[in-house]
Amino acid sequence: MGPKGYIKKILLEKLHARPEIVSRVSKRIVEHGVPAYLNWNFETEKKQTLDFLESRRVGDFSYTFSETVDDACLYNSIYAFLLCGLYGELDSDRERMNSWVDFIDEHQTDSDGLFRDPILAGSRFEGEAGWGDGWGARHLTAHLPMVYVRAGRVPRYRLAHLEPFYDLAFTNKWLAGFDFGKPVWPQSNEIMNVVVLLQFSRDYMLDAKAGRIIMLIQNWLLAKQSLETGLWHENPVDEYPELGDAVRAAYHFFPLFTYDGIAVPNLEKVIRVILSSQNRWGGFNPEDDPSGACEDIDAIEPLVRFSNQVRDDESIEASIRKAMIWTLTCRGEHGGYESIPEHGCEYGEHPLTTSQPGEANLFATWFRTLAIAYMVKGLGFPNDYRLVSAPGYEQQLDSR
């Protein structure tokens, strides 16, 4: 590192020293988050978000991740589609929606059914050992049920990478390889990515073999659920980081049950633990530690979804209101959302899915918008979010 690089490094370290971050984040909450919450309305939220989305568009269905990224990739096109779907922008333009899905279709690999973008190619995208399934081909493909369900279509090719799971011995061996005495969050991504696509294959691709494997995995998860907390872990979860890990892993498991209409046991305990994981800012991380788009929706979604099934409504509502103030604090100056305020985002550690400190990005904008959709529906704010009920992250809320 040369002299200029060293000076830049020192300046950045000072700029992002913890006391300064805490001060700036606290100021943002007061000056931006609270007023945005008090004045929130759907049309303003929609315009700000879609204006940001348009600023990232570089082709008919191609988008860049953030302002400082020049090249588009498939991840961004999917997040853009999901945002447009949530805001009802595709409902009256079936031709555009079908053309967009045609574009996504072109990225499916016929041999295994996974979706790939050559510009993202590499061992990490294919799920190299030790990386997990929080980014890459299987993770990206598991977003697509939301796209195809909204469009009323299915992919061109079967999801052949699922076929080994139809062998009970294979699936039992696969399940036996998970160790919830270790961090569960990265393991939960892998399980969710498989089950979401099995559910989609069962319900929309007429895959009769998928049903019994889904039940096998669901029953295995229920047997692994902690009776003490309603979450999945083997270590105590009284404090961070174990507390956050358990809450975030559970977020990947709950939809596998709720999509199939299966009641999640121990909800009173689940809610109690999630409430304990919220910090004074309203995010879901240790005190004075800004939380990201993932950490926040991982707690927000089950709080909202299960709020009408437990008795402690006042604490839950207060928590959701705090979380909404925090989420609105995370809006960037150009209308999109930052993943973690005051921090950059190295999504998948790939340069094309990266944003700098202070920059909004498409991943965070979609995930935080989805969290807002759940929160305003739970709080009863007037809105016109168009949630679909698809396997995975986006499911309608009952009686809302």
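The values are calculated or read from the model by the stated rules, or taken from the named source; none is laboratory data. These numbers come from a predicted model, not from an experiment. Glycine also receives a Cβ, built like all others from the backbone with ideal geometry; neighbour counts cover every protein chain displayed. Areas reflect the complete protein model, heavy atoms only, side chains present, ligands, DNA and RNA absent. Shrake-Rupley method; radii C 1.70, N 1.55, O 1.52, S 1.80 Å.
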* Mind telling me which of the residues VAL154, VAL196 ends up being of a type in the set (A, V, I, L, M) and outside any helix (DSSP H, G or I)? => VAL154
* Asked: Are any residues in the stretch 175-210 among the small types (Gly, Ala, Ser) and under 21 Å from TYR157 (Cβ atoms), and if so, which ones?
  -> SER201, ALA208, ALA210
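Wholly within the stretch 200-290, which helices (runs of 4 or more DSSP H) include no fewer than the required count, namely at least 3 residues that are surrounded by fewer than 14 Cβ atoms within 10 Å (Cβ to Cβ)?
Values: elements: 210-224, 242-258, 267-276.
Per the criteria, 210-224.
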* SER23 versus (1) closer than 14 Å to PRO341 by Cα; (2) in contact (Cβ under 8 Å) with a residue 12 or more places away in the chain; (3) hydroxyl-bearing (Ser, Thr, Tyr): which is the lone unmet condition? -> (2)
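Yes or no: TYR337 surrounded by 24 or more Cβ atoms within 10 Å (Cβ to Cβ), among the hydroxyl-bearing types (Ser, Thr, Tyr) and at pLDDT 95 or above? Walk me through how you get there before you give the answer.
Working: surrounded by 24 or more Cβ atoms within 10 Å (Cβ to Cβ): yes; among the hydroxyl-bearing types (Ser, Thr, Tyr): yes; at pLDDT 95 or above: yes.
So TYR337 fits the description; yes.
Could you go through the stretch 57-65 and let me know if any residue there is touching a His at 6+ places or on another chain (Cβ under 8 Å), modelled with pLDDT of 95 or more and surrounded by 18 or more Cβ atoms within 10 Å (Cβ to Cβ). Working first, answer last.
To start, the set of residues in the stretch 57-65 that are touching a His at 6+ places or on another chain (Cβ under 8 Å) comprises none.
No: zero hits.
Does ASN172 satisfy the criteria of being under 24 Å from GLY152 (Cβ atoms) and touching a residue at least 40 places away in the same chain (Cβ under 8 Å)? Before you say what the answer is, go through the steps one by one.
Details: under 24 Å from GLY152 (Cβ atoms): no; touching a residue at least 40 places away in the same chain (Cβ under 8 Å): yes.
Judged against the criteria, ASN172 is not a match.
Every residue in the stretch 101-124 that is in contact with a Lys or Arg (Cβ under 7 Å, 6 or more places away or on another chain) and of a type in the set (Phe, Trp, Tyr), please. First the steps, then the outcome.
From the stretch 101-124, those in contact with a Lys or Arg (Cβ under 7 Å, 6 or more places away or on another chain) are 101, 105, 107-109, 113-114; that's our starting set.
Correct list: empty.
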* **Odd one out for VAL25 among (1) out of contact with any Ser or Thr (no Cβ under 9 Å at 6 or more places or on another chain); (2) at pLDDT below 95; (3) surrounded by 14 or more Cβ atoms within 10 Å (Cβ to Cβ)** => (1)
* Which condition number does THR354 fail, the rest of (1) closer than 23 Å to GLU67 by Cα; (2) surrounded by fewer than 20 Cβ atoms within 10 Å (Cβ to Cβ); (3) modelled with pLDDT under 95 being met? -> (3)
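Look at the stretch 117-141 and say how many of its residues are more than 19 Å from ARG156 (Cβ to Cβ) and not in a loop (DSSP other than H, G, I, E, B). Talk me through it step by step, then tell me what you get.
Start the filter on the stretch 117-141 by keeping residues that are more than 19 Å from ARG156 (Cβ to Cβ), which leaves 119-136, 139.
Add one more test, that the residue is not in a loop (DSSP other than H, G, I, E, B), and what stays is 119-120, 139.
Residues meeting the conditions: 3.
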* Structure fact -> TYR337 meets each of (1) in contact with a strand residue (DSSP E or B) (Cβ under 8 Å, 6 or more places away or on another chain); (2) under 28 Å from GLU128 (Cβ atoms) with one exception, condition (2)
* Asked: Restricting to the stretch 86-116, what's the tally of residues that are open to solvent by 20 Å² or more (accessible area, probe 1.4 Å), part of a loop (DSSP other than H, G, I, E, B) and closer than 24 Å to ASP51 by Cβ?
  -> 4
* Can you give me the number of residues within the stretch 315-368 that are of a type outside the set (Phe, Trp, Tyr), in contact (Cβ under 8 Å) with a residue 24 or more places away in the chain and not in a loop (DSSP other than H, G, I, E, B)? => 26
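Among the residues of the stretch 181-193, which ones are open to solvent by 10 Å² or more (accessible area, probe 1.4 Å) and touching a Phe, Trp or Tyr at 6+ places or on another chain (Cβ under 7 Å)?
Residues of the stretch 181-193 open to solvent by 10 Å² or more (accessible area, probe 1.4 Å): 181-183, 185-187, 189-190.
Across the stretch 181-193, the qualifying residue is only GLN187.
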* Within the stretch 357-374, count every residue that is open to solvent by less than 20 Å² (accessible area, probe 1.4 Å) and on the phi > 0 side of the Ramachandran plot. => 0
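Tally the residues that are part of a helix (DSSP H, G or I), among the hydrophobic types (A, V, I, L, M, F, W, C) and open to solvent by 10 Å² or more (accessible area, probe 1.4 Å), restricting the search to the stretch 375-398. Talk me through it step by step, then tell me what you get.
Quick first cut of the stretch 375-398, residues part of a helix (DSSP H, G or I) only: 375-379.
Next, only the ones that are among the hydrophobic types (A, V, I, L, M, F, W, C) stay: 375-376, 379.
Now restrict to residues that are open to solvent by 10 Å² or more (accessible area, probe 1.4 Å): 379.
The qualifying residues number 1.
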* Tally the residues that are within 20 Å of the chain's Cα centre (by Cα) and surrounded by fewer than 16 Cβ atoms within 10 Å (Cβ to Cβ), restricting the search to the stretch 302-324. => 1
* Asked: Are there any pairs, at least 6 apart or on different chains, whose C-beta atoms fall under 9 Å, with the first in the stretch 46-66 and under 27 Å from ASP384 (Cβ atoms) and of a type in the set (Val, Ile, Thr) and the second open to solvent by less than 30 Å² (accessible area, probe 1.4 Å) and assigned to a loop (DSSP other than H, G, I, E, B), and if so, which?
  -> THR49/TYR87; THR49/GLY335; THR49/GLY336
